[in-house]
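The values are calculated or read from the model by the stated rules, or taken from the named source; none is laboratory data. Fair warning: this is a prediction, and the values are worked out from it, not measured in the lab. Glycine gets a Cβ as well: all are built from the backbone with ideal geometry, and neighbour counts include every protein chain shown.
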Amino acid sequence: MTGFLSALINPDFPFIRNALFAGLLSSVLFGCIGSLVTVRRIASLAGAISHAVLGGIGMALFFSASRIIPNFPPIAGALIFAFLSAFIIGVVSLKAKQREDTVINAIWAIGMSVGVLFMAKTPGYTDPSAYLFGNILLITNRDLLLLGILDVLAVFLSWKFYPQIEASAFDGEFAMVRGVRTDIVFLAILVFTAAAIVLLQTFVGIVMVIAMLTLPAGTAGYFARNLGKMMFWSSLFSAFFSTGGLALSWVFDTPSGAMVVILAGVVFLVPGGIRMLGKKPRA
């Protein structure tokens, strides 16, 4: 562990500090959005959007390499697919709930398949696993600035519209009676989640995004009694998992993203297992 601390203050290893700052900044997004995803039980929706963006990334890489659209950035293609997926899933969820699971699974599979096909036809070699698992050690100062801007926006929107968000999350019918446009709130959450997923996925990969959207919030849900506290504790847990996973990956020379997910999974599963074993069977 002393080696990790020494690397943090070593001017020859700026990527370690950037990775640490990225984990801390990402924790705000994971805390705010992950709590909403967990409370509203739409983790599968977030997972579908996360995987669908691979189609946009593959499309952008193919168009750029083939000179169809020169210098087409992958993040632009990811945003197109993310917003399109969020809109389709949102409309289906609001209008035809009986087909919601089918559409979610279809977007999940089609988005990934389209991305793999585009990457296979892209001139040169493109590794899909680089986008599935990411590499937090490649974070740049520009990426940190974008994360900071999105953090400020997420905190502001959560504070500004907290009553509407909380009411629609826990009792949608009562919120509608009180005049809250729950459909607009739901679509807005999906759109913002899609934007955050694209930005975070670019840094840490699809797998880590899905894990960190659910595990810190699930851990906070063991003792948080309202949405605001859940967001707060989820952000703290996310910061702990990111920092701890990064330190452990440095000590044991393992991939940082995988270590972050494993640490978060262990902390989430152990208390749940203890609770299950401690419950006495009813007569």
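In the set (1) modelled with pLDDT under 80; (2) small (G, A, S); (3) closer than 29 Å to Y162 by Cβ, S234 fails one condition alone, (1). With the condition kept exactly as written, say whether any residue in the stretch 114-136 is assigned to a loop (DSSP other than H, G, I, E, B), at pLDDT 75 or above and over 28 Å from F21 (Cα atoms). Yes - at least one qualifying residue is present in the stretch 114-136.
Counting only helices (runs of 4 or more DSSP H) that sit completely within the stretch 164-283, those holding 3 or more residues that are buried (at least 24 other Cβ atoms within 10 Å of the Cβ) and touching a residue at least 24 places away in the same chain (Cβ under 8 Å) correspond to 182-204, 206-220, 227-252, 256-278. Taken over the stretch 187-219, the residue count meeting the criterion of being touching a Phe, Trp or Tyr at 6+ places or on another chain (Cβ under 7 Å) and small (G, A, S) is 3.
Have a look at F118, F83 and point out the one that is closer than 19 Å to L187 by Cβ, of a type in the set (A, V, I, L, M, F, W, C) and in contact with a helix residue (DSSP H, G or I) (Cβ under 8 Å, 6 or more places away or on another chain). Even if it seems obvious, please write down each step before you answer.
Working: F118 fails: closer than 19 Å to L187 by Cβ.
Going through F118, F83 in turn, just one is closer than 19 Å to L187 by Cβ, of a type in the set (A, V, I, L, M, F, W, C) and in contact with a helix residue (DSSP H, G or I) (Cβ under 8 Å, 6 or more places away or on another chain): F83.
Flag set for K160, criterion: surrounded by fewer than 15 Cβ atoms within 10 Å (Cβ to Cβ), charged (D, E, K, R) and modelled with pLDDT of 85 or more.
Considering only residues that are hydroxyl-bearing (S, T, Y) and without any contact (Cβ under 8 Å) to a residue 24 or more places away in the chain, which ones fall in the stretch 48-84? Of everything in the stretch 48-84, just one residue is hydroxyl-bearing (S, T, Y) and without any contact (Cβ under 8 Å) to a residue 24 or more places away in the chain, namely S64. Restricting attention to the stretch 89-118, the residues that are among the hydrophobic types (A, V, I, L, M, F, W, C) and surrounded by 17 or more Cβ atoms within 10 Å (Cβ to Cβ) add up to 9. Hey, among D143, D151, which residue is under 13 Å from I33 (Cα atoms) and either touching a residue at least 24 places away in the same chain (Cβ under 8 Å) or surrounded by fewer than 16 Cβ atoms within 10 Å (Cβ to Cβ) (or both)? On inspection, the qualifying residue turns out to be D151.
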